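The values are calculated or read from the model by the stated rules, or taken from the named source; none is laboratory data. Computed from a predicted model, the values in this text were never measured in an experiment. Glycine also receives a Cβ, built like all others from the backbone with ideal geometry; neighbour counts cover every protein chain displayed. The area values use the complete protein model at the heavy-atom level, side chains included, leaving out ligands, DNA and RNA. Shrake-Rupley method; radii C 1.70, N 1.55, O 1.52, S 1.80 Å.
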Amino acid sequence: MSLDHTLVTRVHRRERKGSSSPVVAETTDGMRFVKLHGASQGAAPLVAEIIVGALGDALGLSVPARAVVQLPRDVPSDDQNDELRDLLEASVGMNLGFEWLEGARDLGASEFATANLVVASRVLWLDMLVQNLDRTPRNANLMMRRGTIWLIDHGACLPFQHDWSNVTESHPSRAYDVAGHVFGWAAPVLPDVHAHCAPLITREVLRAAVQPVPDAWIGGDAARRREGVVAYLWKRLAAMPKLLATLPAQSQSTS
């Protein structure tokens, strides 16, 4: 598995939503939504985007295609904000671009409870696996396009990678706040979802998801760090049945 590569030819605007300061840019293969490695959180959210996007693909969920986007120095920009120019200069080189979802809109709060059960439960299962800190009513990070729900913005997943020195054997077994998830209502079917989804996430799939991450983004000894991510997620996957067994009691206590 590898990522396509493209080049930014013009920045149109900075997106104001969220803390990652993404931009909408024209590239040599069309419009892209681009996350920049020079943003305040650095490259860790880009690492999460690549890995979680690949896992979403493996589960049959709709996730915008990813590509490595080269940002040249002094790229033309229609947005003349000084802070944006500083950010662009700090992000010269490799960044992460996403397929442009023409005509997509944010999924409305009234639609959370009426989403297709198969899609909602698989999204919930995936977010539990990758410990997504978003997908709450405040940051649902879901879009609707032509009747299909698309998953976006996975920068808050894989929180363990922000501080490897404090990762312990118990971290992959940590509980997940299903009650706070926009699709928390789908929790009762998660054991059945796990039986279907877990076999799709093999070690080979995990390795393939991690492999395209650029060495400069994953940091440290890149090969060792990749294996660390695979090992963490494999242990997390193994812990899922025990975590799922606790959900009915949690759901009753929060209802």
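Here are some notes:
- Flag if GLN41 is at pLDDT below 95, outside the structural domain of VAL118 (by the TED database) and not basic (Lys, Arg): yes
- Residue-level check: of (1) at pLDDT below 95; (2) in a loop (DSSP other than H, G, I, E, B); (3) under 15 Å from the mean Cα position of the chain (by Cα), THR136 misses just (1).
- Filtered residues of region 61-72 (kept if in contact with an Asp or Glu (Cβ under 7 Å, 6 or more places away or on another chain), of a type outside the set (A, V, I, L, M, F, W, C) and either open to solvent by 60 Å² or more (accessible area, probe 1.4 Å) or in a loop (DSSP other than H, G, I, E, B) (or both)): PRO64
- Selection of region 76-117 for residues being among the β-branched types (Val, Ile, Thr) and not assigned by the TED database to the domain that holds GLY38 yields only THR114.
- ALA120 vs. criteria outside the structural domain of PRO159 (by the TED database) and among the small types (Gly, Ala, Ser): no
- Matching residues, region 185-202, being within 11 Å of LEU117 (Cα to Cα) and open to solvent by less than 30 Å² (accessible area, probe 1.4 Å): ALA186, ALA187, LEU190, VAL193
- Residue-level analysis places LEU71 outside the set of residues that are touching a Lys or Arg at 6+ places or on another chain (Cβ under 8 Å) and of a type outside the set (D, E, K, R).
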